[in-house]
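Where a number appears in this text, it was derived from the coordinates with a stated rule and is not lab data. The structure presented is a predicted model; accordingly, all values stated were derived computationally and were not measured. Cβ coordinates were reconstructed from backbone atoms using ideal geometry, including for glycine residues, and neighbour counts include every protein chain displayed.
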Amino acid sequence: MNGPLQGRTEIVFEFLFLFFEDLFSDGNDFSTETIEKNRNIYYQKQLANQINNQVTKMISLLTSTLNIQLNIGQSSLVNTSQTFVSLEPISIQSLKNKVIKQVENTQFNIPSDFILNTTSNYSISLRTKIDPLASYGNFPNTNLSRSVSLSFVDQNGNEISFKASQNNPIQLIIPRDPNVIIPSMYLQNMTSINSTNNNLLFNYLYINITSSLPISIHFEIHPLDKSLAYLFIYKFDQTPLLNSSISIIDGWTIFCPFNLTSDDIYRYFIDNQQTSGHQSLIFGIRELNSTETDNYCSQNSSINILPITDQPFNFTSNYELRIYTSDCYYLDENNIWKSDGLIVGSLTNHYQTECLSTHLTTFAGGFIVLPAPINWSYVFANADFMKNKTVYLTMILTSIIYIILMIYARFKDKKDFEKLGVTPLADNNKSDQYYYQILVFTGQRTNAGTDSKKNFTAIHKRLIFKSLGLLNYIRIRYDNSGEGSSASWYLKHIIVRDLQTKDKSYFICLKWFAVEKDDKRIERTLPIANEAEKQEFSYVLSKKAYHSVSDGHLWFSIFSRPPSYKFTCVQRCTCCFVLFFISMLINIMYYDLSNEANTSSETHNGALSIGPFYIAPQQIGIDIIVELFTLIPSLLIVRLFRRIRPCRQISPLREALYKIR
């Protein structure tokens, strides 16, 4: 009677196992490590949410208790390293235009026009809660933000609904982690660009703004010459165009010297409402000439039209650029971060986010500093051969070396394939039914190979009707018939393999067969090697050193790959040059930083000087970063090629056995 019940139970457990396996998998990755990792993250999130919910309930109970005891003008604070809670009774009339300031520059500005859903006409309680980290989920944009919430409660401790208008929203200042590290600006080397050849009117740069939620974009421009003015234009999803005959832009501004802030930076801000629904932003900058600067940047100037010209830009000085994104998020009833209805304000900077909202809940801010944008103007303006002789000659020379090495690698792969062939002995008998395979390994010495004839005797050299049993020794003789350096032969070891039992017998030599080298012998009898002899230092060292160089070192293995390995010389050559180009590409990202470090290395206290050469700590750091970024692709590419298997072919051993029969 328990049989059907047990069967149903097994089906239920199997269904639950498949359900959780699919729940914790990562796309098509069903590996044990991925499932275990996602399972841990899932339960950690669940536990964090439970703890947060319990804290929220405790705060609600605490609010209900304190709300009865507090009067207007009094307040209660709970300030710990994990959370900050403030409760303050206030009259409804004094709530209009009230500014609420809390710890770490957190601020709430209540508008004058709002709807408060309460029957009380006298007082309510204002509750503020600030957490050091934005909880719920693994949303990366909120990792640097504090979590803040503002709510109104009545005398019974119940939350009161609050609603503001779109034209007069609530202003929130949400602080970020004060220890956040702001990356330095990227130098835009504009004086080296000759735009005349490309007839470029602006220096164009591209930004990818693909995001699941709308983001705001902040531009910071630091001119190295503070007397210069700039025209800034932008367009979403395509290149902006502005000349006397066409105007395709989404926005523009003029940066004048009197607009510089105390830190000598021009700032421009595009809010999240404008970026919504777009995938990219391309902006252009050009330096205004002296006439345009006088007309548009004088204190009494009232011109409100674009300075249009058909002349290519001409930068007389460089500038530095930094771009970062920010956003505002709120926690909905399902504890999911959303951003709809929130607007990022212009007071947002590196250390705080200004959010404009029409409702109250838990809020957090997003902040990401973008990498250096692609400077297409610089790329196209310096793409000709005469300006980049070194680059083009390097690429041409590298391509020629690659082609030559590929030809050599292909030739060597064919030779290695021939080495893997199995040659039946001439005196084999078709009636023999027991087979042995003799594997001969020539050592890694100069002119170690030979053209002389060799003779092997292992008790009995022919294939016979029955097993030879345990081999005791093998006798090798050669006739020294080769010419010149091909006469001598350095033998590393021999393996005799029983094809029926798969047993192997090792015979270690590590000596020359030559009349002019070593002990001048051309015939040797090698006893079978025991385990102690196979572990001797000289033999193990030669074996490990050979494999380390011939297979472990990617560049050397092009010339010394073991023939039996599936990772071919052609594949190794391709991997080497792919990694070489990846390394050069990553170095390009730090080109300006490397030049800057090189310029300041002579005056840097930590610079290492070797004669006329200087190495700054920044340059060493860049080299380490480049190597780290190159390491991961190199491991993946090599691993991929090592796992590739050639098309199924008849093995040389089977082919030899077929010939014998």
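Shown is the FRET efficiency for residue 115 and residue 306, computed with R0 = 60 Å from the Cβ-Cβ distance and rounded to the nearest 0.05: 0.90.
Inter-label distance, residue 541 to residue 481: 3.8 nm, where each label sits 7 Å from its Cα along the C-beta direction.
Let me have the relative contact order for region 169-312, percent, based on Cα pairs under 8 Å that are six or more residues apart. If you can, show how the numbers build up before the last one.
Details: 199 pairs, mean separation 48.8, N = 144.
The normalised contact order for region 169-312 reaches 34 percent.
Modelled spin labels at residue 641 and residue 278, positioned 7 Å past Cα toward Cβ, are 4.3 nm from each other. Please work out whether region 213-309 counts as rounded, prolate or oblate from its C-alpha gyration tensor, where a ≥ b ≥ c are the square roots of the eigenvalues and a/c under 1.5 means rounded, while otherwise a/b larger than b/c means prolate and anything else oblate? Oblate. Computed from the Cβ-Cβ distance with R0 of 25 Å, the FRET efficiency linking residue 578 to residue 391 stands at 0.85. For an R0 of 60 angstrom, estimate the FRET efficiency from the Cβ-Cβ distance between residue 167 and residue 624 and round to the nearest 0.05. Efficiency computed from Cβ-Cβ geometry: 0.65.
Assuming 0.36 nm per residue, please report the length gained on full extension of the stretch residue 528 to residue 160 beyond their Cα-Cα distance.
123.3 nm
Spin-label pair residue 237-residue 267: with each label point 7 Å from Cα along the Cα-Cβ axis, the two points sit 3.1 nm from one another.
Give 389/412; 412/492; 96/129 a once-over and call out the pairs whose C-alpha atoms are over 23 Å from each other.
Values: 389/412 34 Å; 412/492 21 Å; 96/129 20 Å.
Result: 389/412 exceed 23 Å.
Taking Lys and Arg as +1 and Asp and Glu as -1, the other residues whose beta-carbon sits under 14 Å from that of residue 292 total -2.
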